[in-house]
Amino acid sequence: MPSISTRTSIRWLPEPASEPTDTVVLTGKSGIFLDVRFEKNTNVLVLDWAFAGYRSEEPPNITRFRHCIDSRTLTPLEVVDVGYNEPAAEGGTLECGEMVNPATGQMARAFQQALIRLKLGRSNLHGQLQSRVFPIASLTMKSIAASLVFAAIASARQITVYNACPFTIWPATFTSAGGQPSYATGWAANEYTAVTFTVPNQWNGRIWGRRDCNFASNPGPNSCIDGGCNGGLECDQSTGTGVPPATLAEFNLDAGGVDYYDVSLVDGYNLPLKITNNVGCGEPTCGVDLGPNCPAALKGPYDSTGFPVGCKSACLVDALNGNAANSPNCCSGTHDTPQTCPSSGVTDYSYFKNNCPTAYAYAYDDATALFTCSASSGASYTITFCP
């Protein structure tokens, strides 16, 4: 039987129930379903998450939701939600089961969500949905699913992080503005594995890799030889920017209609890195291992075998020595303009720039290291470690 339902609360056990979104769920008689969730307390319609697919019933009261379209993943067919339905108050339904937690991007083993079925034919849905949702009952499921695809493209970008290194690394993300990614802020990436997630269309943030990590004790910025962050495995969303030296992939998406992105060695180097995209825009890279031949004053840190797994920038060395406030290496103090901070005044600038000419080797490398792409292209980006 076709139906329209609105969600009144969701609970990720053992946390208390809440309702962070305006959610509407549509089901068709052929088993098609559509689940759309909009952010609350916004002046414009902002999609939080949307997915569509097929539902199947299994005795005694089990429902499986197989995703065919999902705004948060490139591989929706791998996503299957499982729910156990129970009657609830006021004619509603309490669904319990397993589903991806959108706050963490991980499969949650226990959730409960309360749903109330609405009467078909009503164009004004009650509560906060009343002013935000179009007359859904008048549209076909196919047209809604098509709208979902366009909404997903318009509101989010896909980011893929691929570890091409022959060893495990621990990628991390930090958001400066625009909203959090759909995935955890830190994870373990085995060799030759990839993770794909979405970020808001106007995301401003950075992605980097961490080396030789152990979070078993004292999780935090010192859990990794380099790149560690406050928070441990998952970096703190407010303070987890990463401990240098670390090679950075930096993004400022849809800033005045332009995507800005770069590979930065301003905080030093710890892993080769490349940024690619699917629309033919430029591809900054630093594909050389800068550790072994790093100038002696900048070399390190070292792993347990004595191998250098990083190369500090001259600015980082100044910062570690307490000399960053007025430094030509950091373009700070009296050196805070392109005119007063030429690359010729940066110690060992040529080592980084000659090896990685399309990466930032100091603060004012914009002419050769800052890449742009029209935001209207809706580019998806891939960050590859050890390209």
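What follows draws every value from the coordinates through simple rules; no lab data is involved. Bear in mind that the values here come from a model prediction, so they are computed numbers and not experimental data. Heads up, the Cβs are rebuilt from the backbone with ideal geometry, glycines too, and the neighbour counts pull from every protein chain shown.
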Original post:
Can you work out the FRET efficiency for the pair Asn230 and Phe167, with r the C-beta to C-beta distance and R0 = 22 Å, to the nearest 0.05?
Top reply: 0.35
Original post:
By the scheme Lys and Arg +1, Asp and Glu -1, what is the net charge of all other residues having a beta-carbon under 12 Å from that of Tyr351?
Top reply: +2
Original post:
Among Cys235, Cys373, which comes first, second and so on when ranked by fewest other beta-carbon atoms within 10 Å?
Top reply: Cys373, Cys235
Subject >> Two-site label geometry, Ser376 and Asn190: point separation in nm, points 7 Å out along Cα→Cβ >> reply: 4.4
Original post:
Net charge near Asn85, counting Lys/Arg +1 and Asp/Glu -1 over other residues with Cβ under 10 Å of its Cβ?
Top reply: -3
**OP:** At 7 Å along the Cα-to-beta-carbon direction for both Ala324 and Thr160, put a label point, then send me their distance in nm to one decimal.
**Re:** 3.5
